[in-house]
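Peer 1: Before I ask anything, let me first share the structure, which is written out below as structure tokens.
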Amino acid sequence: MSLAHLSAQISQLSNEEHKSLPPIETWNPAYCGEIDIRIKANGDWFYGGTIFKRLSLVKLFASVLLREVEDERNEYFLVTPVEKVKIIVEDAPFVLTQWGWQDKAQSIMTVTTNLGDEFNLDSSHTLTVNANGELYINVRRNLLAKVHRNVYYQWAELATEKVNTDSSELVFCSAGCEYSLGKIDG
């Protein structure tokens with residue numbers, strides 16, 4: 001499996017799909033092995049140890065990225081109608097880098113990933129905290145974005161303390177949902 005071959009297949013699909021995401025959930029291609037693509041924890045994509053310099057190519061590959069969870073182990077694949085190749089993702093495939101309020105009432109938050117995916121923080125795009133206190137948001141197709149540290153600190157400034165029976169946590173709201181930034185040690 002060559003990068004050029006994979007890129008050509010996805011480009012053809014992209015042209016046919018007119019900017020919407022390809023329907024990878026409906027495809028069941030044969031597994032074709034691994035390709036030396038790695039997504040670093042900071043969101044940078046590498047092929048053969050060399051960083052991708054073209055954001056358009058990264059976005060193209062991200063459009064056919066699939067995450068499979070088996071026995072609490074995440075595996076990531078690039079999928080076309082005829083091929084499925086495994087890649088390495090160090091943490092999460094996306095990084096949440098920006099946010100802003102969609103309205104003056106500050107009731108709906110819009111967030112943006114390092115690849116320009118923009119969506120509202122709502123019940124479809126949930127925020128979770130892992131055991132290490134790191135924040136992740138569901139972007140699409142069970143693919144997560146890690147919340148960048150700068151965004152976390154900005155959210156911590158706007159969050160309010162919520163006191164529970166046995167602990168306290170920092171929370172904020174968006175689109176009628178309450179999100180926790182984690183428990184406060186006390």
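The values are calculated or read from the model by the stated rules, or taken from the named source; none is laboratory data. All figures in this text were calculated on a predicted structure; none of them were measured in a lab. Glycine gets a Cβ as well: all are built from the backbone with ideal geometry, and neighbour counts include every protein chain shown.
Peer 1: All but one of (1) farther than 29 Å from Y153 by Cα; (2) part of a strand (DSSP E or B) hold for P81, so report the exception by its number.
Peer 2: (2)
Peer 1: Something else about it: Tell me, which residue of region 85-139 that is without any contact (Cβ under 8 Å) to a residue 40 or more places away in the chain and over 21 Å from E157 (Cα atoms) is surrounded by the most Cβ atoms within 10 Å (Cβ to Cβ)?
Peer 2: Filtering region 85-139 for residues that are without any contact (Cβ under 8 Å) to a residue 40 or more places away in the chain and over 21 Å from E157 (Cα atoms), the one surrounded by the most Cβ atoms within 10 Å (Cβ to Cβ) comes out as H125.
Peer 1: Within region 140-181, take every residue that is over 19 Å from N42 (Cα atoms) and among the hydroxyl-bearing types (S, T, Y) and give me the one that is surrounded by the fewest Cβ atoms within 10 Å (Cβ to Cβ).
Peer 2: T165
Peer 1: Condition first: surrounded by fewer than 14 Cβ atoms within 10 Å (Cβ to Cβ), in a strand (DSSP E or B) and touching a residue at least 24 places away in the same chain (Cβ under 8 Å). Now tell me which residues in region 25-51 satisfy that.
Peer 2: Result: A30, Y31, G33, E34.
Peer 1: Of the residues L144, L121, L115, L127, which is under 27 Å from L181 (Cβ atoms), of a type in the set (A, V, I, L, M, F, W, C), assigned by TED's automatic domain parsing to the domain that holds C177 and touching a Ser or Thr at 6+ places or on another chain (Cβ under 6 Å)? Spell out the reasoning first.
Peer 2: Numbers: L144 fails: touching a Ser or Thr at 6+ places or on another chain (Cβ under 6 Å); L115 fails: touching a Ser or Thr at 6+ places or on another chain (Cβ under 6 Å); L127 fails: touching a Ser or Thr at 6+ places or on another chain (Cβ under 6 Å).
Being under 27 Å from L181 (Cβ atoms), of a type in the set (A, V, I, L, M, F, W, C), assigned by TED's automatic domain parsing to the domain that holds C177 and touching a Ser or Thr at 6+ places or on another chain (Cβ under 6 Å) holds for just one of L144, L121, L115, L127, which is L121.
Peer 1: Scanning for something farther than 16 Å from A145 by Cβ, in a strand (DSSP E or B) and touching a Cys at 6+ places or on another chain (Cβ under 6 Å), does region 90-107 turn up at least one residue? Walk me through how you get there before you give the answer.
Peer 2: Step one: list which residues in region 90-107 are farther than 16 Å from A145 by Cβ, which gives 101-107.
Applying the additional criterion that residues be in a strand (DSSP E or B) yields 101.
If we keep only those that are touching a Cys at 6+ places or on another chain (Cβ under 6 Å) too, we end up with none.
No, there is no match, as no residue in region 90-107 is farther than 16 Å from A145 by Cβ, in a strand (DSSP E or B) and touching a Cys at 6+ places or on another chain (Cβ under 6 Å).
Peer 1: Here is a further query. Between V151, V111, which is closer than 22 Å to L21 by Cβ and at pLDDT 95 or above? Quick ask: steps written out before the conclusion?
Peer 2: Working: V151 fails: closer than 22 Å to L21 by Cβ.
On inspection, the qualifying residue turns out to be V111.
Peer 1: Mind listing whichever residues of region 168-186 are among the small types (G, A, S), at pLDDT below 95 and in a strand (DSSP E or B)?
Peer 2: Across region 168-186, the qualifying residues are S168, S180, G182.
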